[in-house]
């Protein structure tokens, strides 16, 4: 089970998950939630645990496109009218995940309230993060990409005081997200630890000082 001290989310009344409706299910570690190409009729809200998303293309190995934690949504592209899953979702730990029907979420989004506006903003921000991840692959070096991924997992990329405990992620998975090799990830992680940006104490703890790695400091 993952417990993280995290900055407040913009979800307002939805933060607990209860007002989203749907049903909460329990998942094992490394359990597939859905597969790329499956019908997309629901979205999901993580209440405990961590999930990774991978995407495959013809002739290429699967690539990790996101690592998600508590209070994160996934599968939300169904709201934009995509009929099929665009990725495969697999748990990284034992998880408690709320499944919400697409139509139920659309009803919530149509309500004109502060809470629904906050939820729309959150979902749009999630899509922007995915876009930014793709841009990072093109414009940042491998060490900076790894730092940004860790900061996003800790919700410290743009704010928050930290330090924040995040899900344990294998260096192989991080390498797939960064677009580099596992030995290079090992090198960068040791460098971050030596500089005091991250700490290992049975779990991985990220400090806001890791932002310095984004500028090469």
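Here is how the numbers come out for the structure above:
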quantity	calculated
Residue 96 surrounded by 12 or more Cβ atoms within 10 Å (Cβ to Cβ) and either at positive phi or at pLDDT 80 or above (or both)	yes
Filter pass, residue 213 being without any contact (Cβ under 8 Å) to a residue 12 or more places away in the chain, buried (at least 19 other Cβ atoms within 10 Å of the Cβ) and either farther than 25 Å from residue 55 by Cβ or in contact with a helix residue (DSSP H, G or I) (Cβ under 8 Å, 6 or more places away or on another chain) (or both)	no
Where residue 65 falls short, out of the listed (1) more than 12 Å from residue 173 (Cβ to Cβ); (2) touching a strand residue (DSSP E or B) at 6+ places or on another chain (Cβ under 6 Å); (3) surrounded by fewer than 21 Cβ atoms within 10 Å (Cβ to Cβ); (4) in contact (Cβ under 8 Å) with a residue 60 or more places away in the chain	(1)
Test for residue 106: is it modelled with pLDDT under 90 and out of contact with any strand residue (DSSP E or B) (no Cβ under 7 Å at 6 or more places or on another chain)	yes
Of all residues in the stretch 103-125 being touching a residue at least 40 places away in the same chain (Cβ under 8 Å) and crowded, with 16+ Cβ neighbours inside 10 Å, the one that is farthest from the chain's Cα centre (by Cα)	108
Residue in the stretch 171-189 that is over 20 Å from residue 128 (Cα atoms) and not in a helix (DSSP H, G or I) present	yes
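The values are calculated or read from the model by the stated rules, or taken from the named source; none is laboratory data. Keep in mind the model is a prediction, meaning the values are calculated, not measured. Ideal geometry is used to build each Cβ from the backbone, glycine not excepted, and the neighbour counts take in all protein chains shown.
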